[in-house]
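Novice: Below you will find the structure I want to go over with you.
The values are calculated or read from the model by the stated rules, or taken from the named source; none is laboratory data. Since the structure is predicted, the reported quantities are computational estimates derived from the model, not experimental observations. No Cβ is skipped: glycine too gets one built from the backbone with ideal geometry, and neighbour counts run over all protein chains shown.
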Amino acid sequence: MAPFEGKKRFVSAQIERCPMHGEYTAMLIRGAWSGCPDCMNVEDQVREAEQRAAWRQELKAREWSAKLGRAAIPERFADRRLESYRPDCPGAERALAVATRYAENFEDARATGACLIFAGDVGTGKTHLAVGIAHHIMGHGRQAVFTSVMRAVRSVKETYAKGAGRTEAQAIRDLVDPDLLILDEVGVQHGSDTEKLILFEIINGRYEAARPTIVISNLDAAGLEQFLGARAFDRLREGGGRLVVFDWESHRGKRPSVQAANAAQDLPEAPPHCARAMAATK
């Protein structure tokens, strides 16, 4: 058999001109003329760049999904953002301003350990703003973790059982290490001496590591200090920590029709339920 028998061979060649790259030799291969080799190289580079971009996007999506998983934000609040918070009174506007400044300047808070305390009535947007802060900082490379005090205490107590997979110190470290910890429902539980000690260990550990904490509670400042204890409460206030009082009407108690009517009107004065000053945010 001849060396090239049975193989396709070039049967013709001609000089063509590419408007971008000039002259090139075109080959007739399997009934079709080859194109400009430089253009083909450019197309290959573009295709490879698109593939790399798609891969990076997929990797970024996976990393974000993993970060959200570690954050443990409840499904009910997973879509809360600072941008979606709709203040309907001056107090709520000030609370949003505090939360936005805190999120946008989180690196300063991360350096000093400055905390936030969101205290006040139910349904006023405390959790919404806290989760909005978490989403913002996670979008800028930091890690946030959301937990209720009951879950945090339970995770530590579970280490007391025989055969537990981790130690008490490891359970507390998991709550001390994140860049931001959001502690929800502070004061809801009974508050035994053991629970208060665990809570102090978490708050104090984060205080010593200069890691910010956001505390969410339905208690007022005095009730919160009584529940946490003076030492833990002081640690939350040190280093630029701030108490924000949510003392307006619950959003949950408003009828949709009333909300729509308020949104459609340009009211010249604040609603009566917002008349109380929010001294802690001034």
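Novice: Find all pairs meeting these conditions: Cβ atoms under 7 angstrom apart; at least six residues apart or on different chains; first residue within segment 50-70 and closer than 14 Å to residue 134 by Cα; second residue at pLDDT 75 or above.
Specialist: Correct list of pairs: 67/138; 67/143; 70/143; 70/145.
Novice: Search segment 222-233 for residues that are in contact (Cβ under 8 Å) with a residue 40 or more places away in the chain and pair each with any residue that is outside any loop (DSSP other than H, G, I, E, B) when their beta-carbon atoms are under 6 Å apart and the residues are at least 6 apart or on different chains.
Specialist: Once the first residue is in contact (Cβ under 8 Å) with a residue 40 or more places away in the chain and sits in segment 222-233, its partners that are outside any loop (DSSP other than H, G, I, E, B) give 224/119; 224/217.
Novice: Would segment 159-174 turn up any residue that is closer than 22 Å to residue 76 by Cα, of a type in the set (S, T, N, Q) and in a helix (DSSP H, G or I)?
Specialist: Looking through segment 159-174, none of the residues is closer than 22 Å to residue 76 by Cα, of a type in the set (S, T, N, Q) and in a helix (DSSP H, G or I).
Novice: Can you tell me how many residues within segment 178-227 are within 20 Å of residue 108 (Cβ to Cβ), of a type in the set (Asp, Glu) and outside any helix (DSSP H, G or I)?
Specialist: 1
Novice: Here is a list: 56, 86, 142. Which entry is part of a helix (DSSP H, G or I) and of a type outside the set (Phe, Trp, Tyr)?
Specialist: Criteria check complete, one pass: 56.
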